1. Between Glu64 and Tyr41, what is the spin-label point distance in nm, taking each point 7 Å from the Cα along the Cα→C-beta axis?
2. If you rank Glu62, Glu22 by fewest surrounding Cβ atoms within 10 Å, what's the result?
3. Taking the number of other C-beta atoms within 10 Å as the exposure measure, put Trp39, Trp98 in order starting with the fewest.
4. If eta is 0.890 mPa s and T is 25 °C, what Stokes-Einstein diffusion coefficient results for region 35-116, Kirkwood Rh from Cα pairs, in µm²/s?
5. Which of His30, His17 comes first, and how do the rest follow, when ranked by fewest Cβ neighbours within 10 Å?
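What follows draws every value from the coordinates through simple rules; no lab data is involved. Just so we're clear, the structure is a prediction, and the values are computed from it rather than from any experiment. Glycine gets a Cβ as well: all are built from the backbone with ideal geometry, and neighbour counts include every protein chain shown.
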Amino acid sequence: MPNERVKPLFMYRKAPHRKELETLKRTLWHQLEKSGCLWSYATDSQDINDELLIEKALLYFEFEDLHLLREIYPMPYLRRIWRERLVSQGSYYDIINWLLAAMFFNISNPDKYLKQYGRPKLETRTKGCNNPCI
């Protein structure tokens, strides 16, 4: 039997039902509220913004708690939100982005990835601008 392919463990796990997903989202949202990360957002809203939830969870949760995001959202979606909302901030979140790239998203060369998708340099953003003040 050594030629048989072994399926990864996640292949055997059942996908959570929609009700369970909503419960998990609410749990994450309440954890963020309790920690004070959502102090400027309305807490009585029934509709949870997925992108905001992902962004704040990636920023403020411990790595041990991030596995909940994987249970709710597909990895390509998590990576897209991370790239659009956090990596695009450039050097502001350098350390967190590097750790997320290496440990959560399993990117083999985080430096190259962050340089490629990070905020463009000032020279490239102001190319063709005739304003002498910049």
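1. Simple spin-label model gives 2.4 nm for this pair.
2. Listed from fewest to most nearby Cβ atoms, that is Glu62, Glu22.
3. Fewest to most other Cβ atoms nearby, the residues stand as Trp39, Trp98.
4. 182 µm²/s
5. Placing the least packed residue first, the sequence is His17, His30.
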